[in-house]
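The block underneath contains the structure these notes are about, expressed in structure tokens.
The values are calculated or read from the model by the stated rules, or taken from the named source; none is laboratory data. Keep in mind the model is a prediction, meaning the values are calculated, not measured. In this analysis, Cβ positions are derived from the backbone assuming ideal geometry, glycine residues included, and neighbour counts consider all displayed protein chains.
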Amino acid sequence: MTRARALKQVIRARAAKTGERYTTARRHVLSELAKSKPSIKLVDNPAPKPVPAMSTKGGLSEAKSIEKTGHGLAYWFDVLDKFGAIEKGHTKAADHLYSDHGVPGWYCQGITVAYERARGVRVMNQRCDGVFEVNVSKMMAAKPSQLIKTLKDPRGWADGIDRDLLKALASAVKDKKSKGFITRADGQARFRYKWDDMTVQFNMYPKGPAKTSLVVQHMNFKDAASVETYRAKWKTAFAAIADLFA
């Protein structure tokens, strides 16, 4: 509603109530508006409500969303709101972006994670099932085969390393039921084992003749408080391993 139209409605309402002529009612209304704050706010266009700041850390960034999908995060968040993504869950939300909107598979996950963070249903290091995990990675000047040997025998890097970490790793390496380190034809390798009620997985990605990205994914923490504790343990261990090949 324009300012002029709103003003006319106020004047006509007064004229109908008092029996005054339109010009007389108009003079009284304008006089009252000049003396005091009007009870009806007359604006040309209501100012849009400010959009609250969104924390999407850990999900797909705004720039990458625009680059890969042609739309910013706010667009996709609106799509997911209309879909009812919070109630339907992470898997269905990501599938909706992929199947109904043509978003590339990996970016469906990134957008959905960013959405869940922005809507407050997931925090940093928390998976869609509610449990927490931590990932630590480091570039090593070694081949995957050398790292496998080093992880199997930690005597060269055990000083100052968390005792429980070393004990769990040693037990897993010796476990006859374990599948052990699995190496693919392209040189990538992985090893998965249990640490109490948690799960640990190593992944090794060759990055050249004698360089490998060593990644550990430590999963199934019950609360966020454990995340930084175990992150620190793995960073210390990886730094010690890297020193062996420096």
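Here are some conditions: (1) surrounded by 17 or more Cβ atoms within 10 Å (Cβ to Cβ); (2) closer than 17 Å to residue 242 by Cβ. Residue 159 meets all but one. Which one does it not meet? All conditions pass for residue 159, except number (1). Limited to segment 170-187, what total is found for residues that are closer than 20 Å to residue 153 by Cα and modelled with pLDDT of 90 or more? Selection size over segment 170-187: 10.
Within the set 95, 129, the sole residue that is modelled with pLDDT under 75 and either part of a helix (DSSP H, G or I) or of a type outside the set (Val, Ile, Thr) (or both) turns out to be 129. Taking segment 143-155 as the range and being surrounded by 12 or more Cβ atoms within 10 Å (Cβ to Cβ) and in a helix (DSSP H, G or I) as the test, the residues that pass are 144, 145, 146, 147, 148, 149, 150, 151, 152, 154. Filtering segment 46-78 down to residues that are at pLDDT 50 or above and of a type in the set (S, T, N, Q), which residue is surrounded by the most Cβ atoms within 10 Å (Cβ to Cβ)? Across segment 46-78, the extreme among qualifying residues is 65. A single member of 98, 115 is surrounded by 13 or more Cβ atoms within 10 Å (Cβ to Cβ) and under 16 Å from residue 62 (Cα atoms), and it is 115.
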